[in-house]
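Following: one structure in structure tokens, then a few remarks.
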Amino acid sequence: MDENTDIALRSVRYAQDQFSEAVNQAEEFVREKPGQSLLIALVAGMILNRLPIGRLFGGVVRLLMFALKPALLLYGATKVYEIVQEEE
């Protein structure tokens, strides 16, 4: 296993540990204070409902699709160049 793979695996494990710790803390908070948790969830839901998430997400998707075409063209040209260089 090379060093980059090892670093990636350690990073994934660290992220998983941090995520599971956050979930455990959230579960503990909800068990200790269910009413406050429900109120927080309700307020967060109302705020998210008011935000233009759909338009923002749609704009990001359109931007990614716009940028994807030249990126794929550049990637394909690079691969063709590599193949031609290997054959020479």
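The values are calculated or read from the model by the stated rules, or taken from the named source; none is laboratory data. Since we're looking at a predicted model, the values are computed, not measured. Every residue, glycine among them, receives a Cβ derived from its backbone with ideal geometry; neighbour counts consider all protein chains shown. Just the protein is used for accessible areas: all its heavy atoms, side chains included, with ligands, DNA and RNA removed. Shrake-Rupley method; radii C 1.70, N 1.55, O 1.52, S 1.80 Å.
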Only Lys, Arg (+1) and Asp, Glu (-1) charged, at Cβ; the chain dipole about Cα centre in debye: 920
Summing +1 for each Lys or Arg and -1 for each Asp or Glu, what net charge is found among the other residues whose Cβ lies under 14 Å from the Cβ of Glu21? -2
Cβ-based charge dipole, the chain, positive-most Cα from Phe57, Ser11, Gln85: Phe57
Computing the accessible area with a 1.4 Å probe over protein heavy atoms, can you report the carbon and sulfur percentage for segment 23-88? 70
Debye calc, one equal point scatterer per Cα of segment 31-88, no solvent, log10 I(q)/I(0) at q = 0.27 1/Å comes to -0.99
Helix 53-87 versus the longest principal axis of the chain: what angle, 0 to 90°, nearest 10, using Cα atoms? 30
